[in-house]
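No lab work stands behind these numbers, since they all come straight from the coordinates. These numbers come from a predicted model, not from an experiment. With ideal geometry, Cβ positions are generated from the backbone for all residues, glycine too; neighbour counts draw on all protein chains shown.
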Amino acid sequence: MENVWSAPVATVPVDATVVLPGSKSMTNRALVLAALADGPSSLCRPLEARDTVLMADGLAAMGSATDRAGDLWSVRPGRLSGPSTVDVGNAGTVMRFLPAVAALADGPVHFDGDDRAHDRPLGALIEALRALGAQIDDGGRDALPFTVNGLGGLTGGDVTIDSSQSSQFLTALLLTAPLFDKGLRVRHAGPPVPSAPHIRMTVEMLRAAGVSVDDSTRSVWAVEPGRPAAREWVIEPDLSNAAAFLAAALVTGGRVRIPAWPVRTTQAGAALPELFTRMGAHVCLDAGGLVLQGTGTIGGLDADLHDVGELAPVLAAVCALATAPSRLHGIAHLRQHETDRLVALSTELNKLGGQVRETEDGLVIWPSPLHGGVFNTYDDHRLATAATVLGLVVDGVQVVDIATTTKTLPDFPGMWERMLAGGTH
């Protein structure tokens, strides 16, 4: 079969130090804030992967220039203008953050992306931008492709949005709000916003750029007008991308060290140590980073992952190897990510002999002997990394389109194989 990667089996417990590339979430927020800043900014140790390159290129199409030179990128703001075209790929941050930026531009900015991107929800954001005065031609689809006919800015003021499908709707408004004439007071109305750590990240990064944000009222964020300050952004390692590597230590009874793990962070991946500890791992965090030691036992997990849904695919893979049943819940919003992750995970795990039942908002997973087979990834990077975790202890796992991991990890197969070889990389 073409485009299939044989996941390597671990013949001995993993023992390696894994240096993670930068956080996608922080990199893409920093790129937007730098493009809107009052002068040139820099990003130290950013992630260079498909999603971040799409963000930099999209901003460049509207007038901001990014020099991507190794571990230090420089960003020069420019006059936002069209006509231009932005390719969003299948990057949620790009398809949601940049239309709000385009509303500040002079002239039309056309947005399109991968086929799957046409199915991902954007209606609530489009409606909110229109309520603020943006002109968006989407043919009545509330989805890609569409054109934002920028008028050079937005007045701002009050707006209400239902951001329960994606926290990125809210972040898109918050990142651009400082450039609205009156700033912005945005109220979320609907079920709880998923991925709450990402909203906290947005607010903290705005404040770090000198923007006044009041989030003291529940479900309300007030942003004062004022262009973000130019600065150096130091990007943390991507903790969500640590999930597969830490899982490797757990399922093989080995040890993985992640240098530079922040003691305090707003990243969703910060939940991994506690979640894996509940499944039987020993975890130590000190000034040198984080070390996870597998104990040879993999326990079941009952967890509400509403705030950290991006961790669910790898956790589901580990749960499929556990000695007790697991229940992952609070993640109905994963149905609208790169793919319907709940359907995809239950389908692919069951194909390998798993016992997985899909629920309205999650998965129930029972212990069951697994066997090799083809694991489809549905153009979803987190499905691919989950499959490789299974492949460590299940012979014959064939991962379709491992290259989809370039979305957030430019050389995942190489990192994985170097981890299995041991040492530091």
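Brief remarks on what is shown
- Mean-position separation - Cα centroids, the range 216-252 and the range 65-120, in angstrom: 20
- Of the residues Ala303, Ala34, Ala102, the one that moves most in a GNM of the chain with alpha-carbon contacts below 10 Å is Ala303.
- Summing charges over neighbours of Asp302, with a neighbour being any other residue whose Cβ is under 9 Å away from its Cβ, gives +1 when K and R count +1 and D and E count -1.
- Dimensionless Rg/Rh of the range 88-140 - Kirkwood Rh, Rg from C-alpha atoms: 0.93
- The calculated P(r) of the chain, using every Cα pair and 20 Å bins from 0, goes 28, 56, 16, 0 in percent.
- Relative contact order (%) - criterion: Cα under 8 Å, at least six apart; region: the range 24-229: 18
- Residue-wise HN-Hα couplings along the range 396-408, as the Karplus relation 6.51 cos²θ - 1.76 cosθ + 1.60 with θ = phi - 60° gives them from phi, are x, 7, 10, 9, 6, 6, 4, 5, 4, 5, 5, 3, 9 Hz; Gly and Pro carry x.
- Largest mean-square fluctuation among Leu290, Leu409, Leu31, in a Gaussian network model of the chain whose springs join Cα atoms under 10 Å apart, belongs to Leu290.
- For the range 42-55, the Karplus equation 6.51 cos²θ - 1.76 cosθ + 1.60, evaluated at θ = phi - 60°, returns couplings of 9, 10, 9, 6, x, 7, 10, 8, 4, 5, 7, 5, 4, 5 Hz by residue, with Gly and Pro reported as x.
- Charging the Cβ of each Asp and Glu at -1 and of each Lys and Arg at +1, and nothing else, the dipole of the chain about its Cα centre rounds to 720 debye.
- Coupling constants for the range 66-78 follow from the phi torsions by the Karplus curve (6.51 cos²θ - 1.76 cosθ + 1.60, θ = phi - 60°), and in residue order they are 10, 9, 8, 10, x, 8, 9, 9, 10, 10, 10, x, x Hz; glycine and proline get x.
- Shape call, the range 111-171: gyration tensor on alpha carbons, a/c limit 1.5: oblate
- Within-13-Å neighbourhood charge of Val394 [Cβ basis; K, R +1; D, E -1]: -1
- Backbone N atoms of the range 137-176 closer than 12 Å to the 7 Å Cα→Cβ label point of Val220 belong to residues 158-159.
- Whole-Å semi-axes of the ellipsoid equivalent to the range 24-229 (Cα gyration tensor, √5λ, descending): 22, 20, 17
- Enclosing the Cα atoms of the range 200-335 in their convex hull gives a volume equal to 128 cubic angstrom per residue.
- Proximal charge balance of Gly373 [Cβ under 15 Å; K/R count +1, D/E count -1]: -1
- Prolate/oblate/rounded label for the range 256-345 (Cα gyration tensor, a/c 1.5): oblate
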